[in-house]
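To start, the structure under review is shown below, and the notes come after it.
Since every read-out is calculated from the coordinates, none of them should be taken as a lab result. Here the structure is a predicted model, which means the values were calculated and not measured. We place every Cβ from the backbone using ideal geometry, glycine too, and count neighbours over all the protein chains shown.
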Amino acid sequence: MTVLDGKKTAQDLKEEIKTTVSEIKKSGQRPPHLAAILVGNDGASLTYVGSKVRSCEYVGFDSTLIRLDESTTEEILLDKIEELNQDDQLDGYIVQLPLPKNIDEEKILLAIDPKKDVDGFHPSNFGRMALEMDSFIPATPYGIMELLERYKIETSGKHCVVVGRSHIVGRPISILMSQKGPAGNATVTVAHSRTQNLTSLTKNADIIVMALGIPEYLTAEMIKEGATIIDVGITRVADENHPKGYVIKGDVAYDEVAAKAAAITPVPGGVGPMTIAMLLKNTLLAFQRKN
Ligand code: GUN
């Protein structure tokens, strides 16, 4: 059984990016610059954004964290976005989701300049991705593709079941894995909350991507011997015995599934670190396309 080590792979990627950044600096250019807008005080979002900023510093990027109050209006946020769109010293930025309920997420995503949309959430980037044109690929599915490729997991002609149809993970990974190219050429089934008899699908899957958000949902009896399991779940589950008061759980019952699978991503240390590395990769790409 192979553990698909996202932590190590992400570290390898960061070292590659760091080398490229030092070459950019040596040539006299400014380094790539990523900004993140965080509205409010959601605990998980604070953790993710903090981690993104630290990773920027590690590879030598410039980074800017813009924190806005929970009570920020849509108008103020749109003004900020316009300012970032116009900023020549900035290559890419993200607006951390979820946003407070008074803000229309769709309106915000549409306002981001697609050339700076390193999350790849703008319809222009999503459409271009689906049409196999140059775009920014959303960091989580991009990270899964990179992990499958670097570990040489055979996907061509294989049956992949994606559980979850979110715009951030399930939908894009189902598109990417069915396309031509590395980690592609799979026959993809998208399952979701209305799917009947999920086990009949997962039992026949060579690869399962779990992006449901329900802790330890996928059990050993739901998979076929020798399957590859990608766990995108990161749910905080209350645990009094832990200093933080919670533990992070994936969508997969890890121990029993790992005993039957050929390859599996752990949680934490699987898909999560890859997401951050691919955001850095997209930012470098935004910089290179501009220059
Ligand atoms: N919230 C959860 N995942 C993401 C992500 O990849 N990007 C942004 N902007 N928000 C998120």
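Can you list the HN-Hα couplings for region 115-132, worked out from phi with the Karplus curve (6.51, -1.76, 1.60; θ = phi - 60°), rounded to whole Hz and with x for Gly and Pro?
Listing the rounded values in order: 5, 10, 7, 6, 7, x, 8, 5, x, 5, 5, 5, x, 5, 4, 5, 9, 6 Hz.
Please turn the phi angles of region 74-80 into ³J(HN,Hα) values with the Karplus equation 6.51 cos²θ - 1.76 cosθ + 1.60 (θ = phi - 60°), one per residue in order, whole Hz, x for glycine and proline.
Here the 3J(HN,Hα) series is 4, 4, 4, 5, 5, 4, 4 Hz.
What chymotrypsin sites (Phe, Trp or Tyr not before Pro) in region 229-291 are in a loop by DSSP, with at most 12 other Cβ atoms within 10 Å of the Cβ?
Working: sites: Tyr246, Tyr254, Phe287; in loops: none.
Filter output for region 229-291: empty list.
Are there chymotrypsin sites (Phe, Trp or Tyr not before Pro) in region 43-137 that DSSP puts in a loop and that have at most 11 other Cβ atoms within 10 Å, and which ones?
Loop-located and lightly packed - none at all.
Could you tell me how many degrees, from 0 to 90 and to the nearest 10, lie between the Cα long axis of helix 271-290 and the main elongation axis, the longest principal axis, of the Cα atoms of the chain?
Here the helix axis deviates by roughly 40 degrees.
What are the residues whose amide H is under 5 Å from the amide H of Tyr246, where those residues sit 5 or more places off or on another chain and H is modelled from the backbone?
The answer is Asp239.
Tell me whether region 173-291 comes out rounded, prolate or oblate; compute the Cα gyration tensor, take square roots of the eigenvalues as a ≥ b ≥ c, and use a/c under 1.5 as the rounded threshold.
oblate
Using the Karplus equation 6.51 cos²θ - 1.76 cosθ + 1.60 (θ = phi - 60°), what ³J(HN,Hα) coupling, rounded to whole Hz, does each residue of region 18-29 give in order, writing x for Gly and Pro?
Residue by residue, region 18-29 yields 4, 4, 4, 5, 5, 5, 4, 5, 4, 6, x, 8 Hz.
Go through region 202-232 and name the GluC sites (Glu not before Pro) that are in a DSSP coil and have 15 or fewer other Cβ atoms within 10 Å of their Cβ.
Taking region 202-232 and a limit of 15 other Cβ atoms within 10 Å, the loop GluC sites (Glu not before Pro) found are Glu225.
Report, in whole Å, the centroid distance computed from the Cα atoms of region 215-244 and region 109-142.
For region 215-244 versus region 109-142, the Cα centre distance is 29 Å.
Can you put Val271, Val188, Val53 in order, fewest other beta carbons within 10 Å first?
With the fewest neighbours first, Val271, Val188, Val53 line up as Val53, Val188, Val271.
Taking trypsin sites (Lys or Arg not before Pro) that fall in a DSSP loop and have at most 16 other Cβ atoms within 10 Å as cut points, what is the longest piece of the chain between them?
Result for the longest clean stretch: 1-100.
Can you compute the charge dipole magnitude of the chain about its Cα centre, using +1 on each Lys and Arg Cβ and -1 on each Asp and Glu Cβ, nothing else charged? Give it in debye, rounded to the nearest 20.
The dipole magnitude comes to about 700 debye.
Considering amide H positions built from the backbone, and no H for Pro or chain starts, which residues 5 or more places from Ala205, or on another chain, come under 5 Å of its amide H?
Lys224
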